[in-house]
Amino acid sequence: MAATFFGEVVKAPCRAGTEEEEEDEEERRETSEDREARRQLARKREVRLFRRQTKTSLEVALLEKYPCSKFIIAIGNNAVAFLSSFVMNSGVWEEVGCAKLWNEWCRTTDTTHLSPAEAFCVFYHLKSNPSVFLCQCTCYVAEDQQYQWLEKVFGSCPRKNMQVTILTCRHVTDYKTSESTSSLHSPFLKALKTQNFKEPPCCSLLEQPNIAHDLPAAVLSYCQVWGIPAVLYLCYTDVMKLDLVTVEAFKPILSSRSWKGLVKLADRLFPPHREQAGLFCTWGSMARSAQALQRHWDLF
């Protein structure tokens, strides 16, 4: 109903009942083919964990099958490259599982014949200390898949005697501050931790109103709810592609007390040329993975 003169107060009609009726009508018009297509899409978007060595699915959650004291999760190319160069070179790691994902940005259709280039979310444990786990994830986990991922990895009743560390990157333009953005020297590291994480973080805490996003936020929230000590290290950078400077921005984490048994002294383990060579090898393998993903997308 329109107003007849300026300043007249007109009661707006309520569309709540109308919208509900329209939704009911749409459900009635939905055919059996529509429902079957919806079910097939839901099945396709299910998160599955399996072992590539035996080509078998994991029937129980990963951390219910294996005891875990430390769990390091790297999400994104730069965080994964950091772990590959500075942590995985410090010991012998064995693959224990791989996630199959299908969504808008990640499509792995064959769960039993995934090539290394297609395995964008892989889990390892340290052979000398099997309770130490590591996850390298360079794929996108959609919002409706995050809870599935958490259940498949942590289980429905996770152990509280482990410590979780999450590494990821965000673009520096996502960082909210009252200061001028031109004064920010990126990349820089910020931390966000759960209430039960008592160890001092390796950098300053993330200030409000900044928040975490996507899978890192889901993992941290899950740990907060279940009382698991966890910390998220968030690297703000202006280069979201694989970048040497951004990778090295994570290096303060190597001094963490919980990482002392994982990372040997850098000078003794890696002479400068060895360290850079390892990083560039990682860079090359990541680039090949990106090319393989592009070829995979071209099939659709």
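The values are calculated or read from the model by the stated rules, or taken from the named source; none is laboratory data. None of the values given here were measured: they were computed from a predicted structure. Ideal geometry is used to build each Cβ from the backbone, glycine not excepted, and the neighbour counts take in all protein chains shown.
Residues in the stretch 49-87 that are closer than 16 Å to Gln136 by Cα and modelled with pLDDT under 85: Leu49, Phe50, Arg51, Arg52.
To keep it simple, each residue is scored yes or no on (1) at pLDDT 90 or above; (2) touching a strand residue (DSSP E or B) at 6+ places or on another chain (Cβ under 8 Å); (3) surrounded by 12 or more Cβ atoms within 10 Å (Cβ to Cβ); (4) among the hydrophobic types (A, V, I, L, M, F, W, C).
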| residue | (1), (2), (3), (4) |
| --- | --- |
| Ala212 | yes, yes, yes, yes |
| Leu215 | yes, yes, yes, yes |
| Tyr236 | yes, yes, yes, no |
| Pro272 | no, no, no, no |
| Cys281 | no, no, yes, yes |
| Leu299 | no, no, no, yes |
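Among the candidates Val231, Val245, Val225, Val219, single out the residue that is more than 21 Å from Glu143 (Cβ to Cβ) and in a helix (DSSP H, G or I). Give the derivation first.
On the way: Val231 fails: in a helix (DSSP H, G or I); Val225 fails: more than 21 Å from Glu143 (Cβ to Cβ); Val219 fails: more than 21 Å from Glu143 (Cβ to Cβ).
Checking each option against the conditions leaves just Val245.
For the stretch 222-234, the criterion of being without any contact (Cβ under 8 Å) to a residue 40 or more places away in the chain and at negative phi is met by at least one residue. Summed over the stretch 98-137, the residues that are part of a loop (DSSP other than H, G, I, E, B) and modelled with pLDDT of 85 or more give a count of 2. Put simply, of Glu36, Glu95 the only residue that is modelled with pLDDT of 70 or more and surrounded by 11 or more Cβ atoms within 10 Å (Cβ to Cβ) is Glu95.
Picking from residues in the stretch 62-85 that are part of a strand (DSSP E or B) and of a type in the set (Val, Ile, Thr), the one that is surrounded by the fewest Cβ atoms within 10 Å (Cβ to Cβ) is Ile72.
Across the stretch 138-174, the qualifying residues are those that are modelled with pLDDT of 90 or more and of a type in the set (Ser, Thr, Tyr), and the one among them that is surrounded by the fewest Cβ atoms within 10 Å (Cβ to Cβ) is Tyr147.
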